[in-house]
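Structure first, then comments.
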Amino acid sequence: MRITLKALATAAATAAALTATAASAQQTIRFAHVDPADWQSSKKGAAAEIFRAIVEGETDLTVEIFPAGALGNEDDLVAQAQDGITQVVMVSGAMSRACPAASVLDIPYSFPSAPVAWEVLDGPFGDALADHCLEQTGLRTLAYGETGFRNFTNSVREIRTPADMAGLRFRVQPIPLYVEMVEALGGEPTPIAWTELPNALATGVVDGQENPVGVIYNNGLHQLQQYMILDGHVYAADFLIINDDFFQSLTPAEQEVVSRAAIVAGNMGRSIQQWSTAQGVNAVQAEGMQVYSPTSEELAMFRDAAQPAVRDWLAGELGDEAVWIEQLEAAVASATE
């Protein structure tokens with residue numbers, strides 16, 4: 001009988017310890033992203049820091065931040081979030097690979113300005129897309145941040161219209177949509193990994209590339225390129241996402257704080273990105289880069305050349321989910337009325 005009681009006591013103590021450990025683990029939110037940690041220049045870095053400050057200040061939860069790809073690339077982070085290993089991640093392009101409908105945001109020249117993009121993403125369209133991706137992935141989109149408008153640069157000549165892109169080789173991300181876009185504009189797309197881009201530019205493997213202004217300046221790409229056109233062909237959104245099982249395990253009060261902190265974090269990321277763009281344009285010009293702002297007529301030429309081809313290609317890829325293309329177009333039209 002003593003042995004039985006001792007065994008029961010040991011089992012109870014072990015169970016209690018395991019329960020305490022699980023509870024302790026549940027109180028920690030792992031937040032990962034691939035940008036630098038510096039909140040003054042990094043959109044995701046700033047978003048993560050303010051998210052932590054709000055959550056830790058108003059709940060008993062602890063937030064542990066893993067910046068600069070410490071836990072892997074964006075695809076790795078999405079997979080970890082789905083597995084519940086990392087509770088919160090902030091990613092951009094990887095979301096469209098997990099939830100294909102999100103790729104409609106990359107249709108070129110969809111958003112005429114950042115405020116229009118914000119209104120669309122923070123409104124009914126963004127809510128519907130978040131609900132759809134939750135069903136597809138088990139990941140809840142708490143908020144949208146911003147990676148920024150992407151622009152073309154090159155080292156050969158100034159670009160003012162699509163005709164000026166003819167024959168120029170542009171590095172693009174290894175994403176088919178970007179290949180379709182550059183081909184439609186008359187350029188020669190060359191998929192190259194990000195880590196290989198500086199060498200490809202320096203050695204002439206490609207003539208140009210496309211990225212947000214802040215990325216171009218902060219990574220010294222302007223030193224390898226002479227011309228930039230602020231065509232803003234793609235508005236890249238950040239998705240601040242959380243494992244939904246973990247989210248549902250939180251108390252209602254904790255859920256409210258986490259959700260509110262995420263919205264503030266997304267807006268903080270947008271603000272830092274806007275600052276980086278404004279500062280970046282001035283900085284690259286000060287260092288000798290020629291920057292051209294196209295007219296509305298010229299932008300219409302780019303849109304008319306690229307959008308139909310990419311739209312048709314993407315519709316074929318999405319199949320039944322191609323309805324998201326029309327829904328985005330309707331949301332943008334409403335936001336620009």
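Taking the Cα centre of the stretch 159-228 as origin, work out the dipole magnitude from +1 charges on Lys and Arg Cβ and -1 charges on Asp and Glu Cβ, in debye rounded to 20.
On the way: 3 positive and 7 negative charges, 31 e Å.
Once rounded to the nearest 20, the dipole reads 140 debye.
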Please find, in a Gaussian network model of the chain (springs between Cα atoms separated by less than 10 Å), the residue of Ala53, Ala253, Ala143 whose mean-square fluctuation is greatest.
Ala253
In order over the stretch 239-246: 3J(HN,Hα) from phi, Karplus 6.51/-1.76/1.60, θ = phi - 60°, whole Hz, x for each Gly or Pro, gives 10, 9, 10, 9, 4, 5, 4, 5
A chain fully extended from Gln327 to Thr251 at 0.36 nm per residue, minus the present Cα-Cα distance, gains in nm 24.0 nm
Mean-position separation - Cα centroids, the stretch 144-170 and the stretch 260-290, in angstrom
19 Å
Hz values of 3J(HN,Hα) by residue in the stretch 64-70 - Karplus curve (6.51, -1.76, 1.60), Gly and Pro given as x
10, 9, 10, x, 6, x, 4
Which residues' amide hydrogens lie under 5 Å from the amide hydrogen of Thr62, considering only partners 5 or more residues apart or on another chain, with H built in the peptide plane?
Thr28, Ile29
What is the set of long-range amide H partners of Ala236 at a cut-off below 5 Å, with H atoms built 1.01 Å from backbone N?
Thr147, Gly148, Phe149, Arg150
State, to one decimal in nm, how far the label point of Ala79 lies from the label point of Ala53, with both points 7 Å from Cα in the Cβ direction.
3.5 nm
Starting from the Cα gyration tensor of the stretch 45-118, take the square roots of the eigenvalues, sort them a ≥ b ≥ c, and report rounded, prolate or oblate (rounded when a/c is under 1.5, otherwise prolate if a/b is larger than b/c, else oblate).
oblate
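Starting from 0.36 nm per residue, how many nanometres of slack lie between Glu196 and Ser41 once their C-alpha separation is accounted for? Walk me through the intermediate numbers first.
Numbers: separation 155, 0.36 × 155 = 55.80 nm, distance 2.30 nm.
Length gained between Glu196 and Ser41: 53.5 nm.
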Return the sequence-ordered ³J(HN,Hα) values of the stretch 93-108 in whole Hz as given by the Karplus equation 6.51 cos²θ - 1.76 cosθ + 1.60 applied to θ = phi - 60°, using x for Gly and Pro.
x, 5, 5, 6, 7, 7, 10, x, 4, 5, 5, 5, 5, 8, 4, x
For the chain, what is the mean residue ellipticity at 222 nm derived from helices alone (per DSSP H run of n ≥ 4: -39500 (n - 2.57); sum divided by total residues; nearest 500 deg cm²/dmol)?
-16500 deg cm²/dmol
If you line up the long axis of helix 252-286 against the longest principal axis of the chain, both from Cα atoms, how many degrees apart are they, to the nearest 10?
30 degrees
Charged-residue dipole, Cβ positions (Lys, Arg, Asp, Glu), the chain about Cα centre, Debye nearest 20
1040 debye
Compare the Cα positions of Leu221, Val116, Trp194 along the charge dipole of the stretch 96-247 (+1 at Cβ of Lys, Arg; -1 at Cβ of Asp, Glu; about the Cα centre) and return the one farthest towards the positive end.
Leu221
How big is the accessible area of Ser113 in square angstrom, nearest 10, if you roll a 1.4 angstrom probe over the protein chains?
40 Å²
Once both labels are modelled 7 Å past Cα along the beta-carbon direction, what's the Glu297-Ser334 spacing in nm?
3.4 nm
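The values are calculated or read from the model by the stated rules, or taken from the named source; none is laboratory data. The structure presented is a predicted model; accordingly, all values stated were derived computationally and were not measured. Don't worry about glycine lacking a Cβ; one is built from the backbone with ideal geometry, like all the others, and counts go over all protein chains shown. Just so you know, the surface numbers come from the protein's heavy atoms only, side chains and all, with ligands and any DNA or RNA stripped out. Shrake-Rupley method; radii C 1.70, N 1.55, O 1.52, S 1.80 Å.
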